[in-house]
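The values are calculated or read from the model by the stated rules, or taken from the named source; none is laboratory data. Source: prediction; values computed, not measured. Cβ placement follows ideal geometry from the backbone for every residue including glycine, while neighbour counts extend to all protein chains displayed. When the accessible area is computed, the model is the full protein with side chains, heavy atoms only, and any ligands, DNA or RNA have been set aside. Shrake-Rupley method; radii C 1.70, N 1.55, O 1.52, S 1.80 Å.
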Amino acid sequence: MRAWRDGTPLDLGPVRRQAVLAALALRPGLLVSHEQLLDGVWGAEPPKTGRSVLPSYVYALRQTLDAQGTRPADSVIRGERGGYRLTTDGVRLDVADLAQQVDDAQRAKTAGDPATAMDRFSGALALFRGEPLAGLPGPFADVERQRLSQRLRTVRVERLECLVLLGRFADALDDLAALSVSSPYDESLTALRMRALYGSERQAEALTVYQDMCERLREELGVDPGEELRRVHEAVLRRDDVRLIGRVARPRRTVNELPGDAGYLTGREAELAQLVAPSAPGSVSIVTVDGPAGVGKTALVVRAARELSAQYPDGCLFVDLRAHSTQRRQSPEQALQRLLRSLGAATGELPSDLDELTAVWRAATSPLRLLLVLDDALDADQIRPLLPAGAGSRVLVAGRRRLAELDADRRVTLEPLESGDAVSLLMHIIGEERASREPEATQQLVGLCDGLPLALRIAGSRLQNRRAVLDVRDREVR
């Protein structure tokens, strides 16, 4: 309890006397009976002198609060039959200022003016100085302390919501983290934190926060999330900007991670047509390409992906699973973490458990239409967790095995190039004029490469620094 008169701090005396003043000041203008004061300040241990103790407390308070020479009839504290009343004339109470600031803030917020509302809520918070009624004894002070502490928390949360509506998500998240630690079961805080994370383009983290709260509620309290939190969760899944942050968010950056086109592609017109053919609407289309090493699987799926990219506005992603690479094979967990960050759905820590990562990935991709290329895949177990959930998405998978256990819409098997197509590819690399000078050597070199595009490209690149096809052919044979 603190008080001032004309800007000068006043000494309110012992805490019991302050508790009597609090019991009057928190009921401004109302008559507070002697019994209410005794019960509120002393509780189950009333003073032995009973109500006769009250005049001495009130007298000391009048001496402190009133200007010198003020009569009892004109005092801030008026004695009436059966009790006392704190007058409101000429008295300013911080709880009244608090109510006014909060009312102004809520009106501004309702009117669609979050900036003014935030200023008013900030002014309300400035009225608090630590714990309300700190150190005051008695049941009345205990109850009011809890009520004012709850009011403080409500004001803080409403101010944070204004920050979210203003797009100041990072500022909101700093305070939300501290509040969430002290209120681990507060669903409204969790909902607001999810909205701030979503506004920061951290959709996956918002969904992880929801899953964590669900588990906490079920395991520790045996209940499911309430309607408000479920609605926010659904809005995050749908990317409902208006519901979550009060406006349409700025356009998200379109992600395109497709590697550079491998260049000249010949003899694959039929296979390419299968890869780019329309897929069934409302589902995730999976097309696999298999064939031996060096047959041109990567070049084909990349070419197909580039032709399809305009149909997938939410992103085109590429993952080299490195099943047969000299580098370490990429696990589904590693691939999922990279994919989530590529989409901008996660910037902080992600779970390491495959089931949890898969759930986050599917939730993040459910509203999206994506094109995903998975290169050098080993088996279906490596692929299934990576499949996006968004209807209309497409997945192109390249690998040496046919992957019969994967539920694919179409399967394309690449064979080595026919002789004519192989010669065409080699001629494209070394030049038609040069190949025409030594047609037999060119044909023999094509035969040595078994119609494999990779071998033809390697041989062709060497020929670019040699004078004759036959020289290289001889070297290759030897």
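Observations on the model:
- Rounded to the nearest 20, the size of the Cβ-charge dipole of the stretch 302-421 about its Cα centre is 200 debye, with Lys and Arg at +1 and Asp and Glu at -1.
- Considering only 105, 122, 135, the residue lying farthest towards the positive end of the dipole of the stretch 1-149 is 135, judged by Cα position with unit charges set on Cβ.
- Put a dot 7 Å past the Cα of residue 147, heading toward its Cβ, do the same for residue 221, and the two dots end up 2.5 nm apart.
- Taking every DSSP bridge with both residues inside the chain, close to 30 percent are antiparallel.
- Calculated mean residue ellipticity, 222 nm, the chain: -15500 deg cm²/dmol, from DSSP H runs (n ≥ 4) at -39500 (n - 2.57) each, averaged per residue and rounded to 500.
- Remark: the chain carries a charge dipole of roughly 1100 debye about the Cα centre, counting +1 on each Lys and Arg Cβ and -1 on each Asp and Glu Cβ.
- Here the label points at residue 64 and residue 171, each 7 Å from Cα along the C-beta direction, are separated by 3.8 nm in the simple model.
- Of the trypsin sites (Lys or Arg not before Pro) found in the stretch 285-332, those that fall in a DSSP loop while having at most 14 other beta-carbon atoms within 10 Å are 328, 329.
- Residue 161 contributes about 50 Å² of solvent-accessible surface, heavy atoms of the protein only, 1.4 Å probe.
- Computed over the chain, the P(r) tail beyond 44 angstrom holds 45 percent of alpha carbon pairs.
- Protein-only accessible surface order, largest first, of 324, 233 at 1.4 Å: 324, 233
- In the complete set of protein chains, residue-level accessible area for residue 343 is approximately 30 Å², probe 1.4 angstrom.
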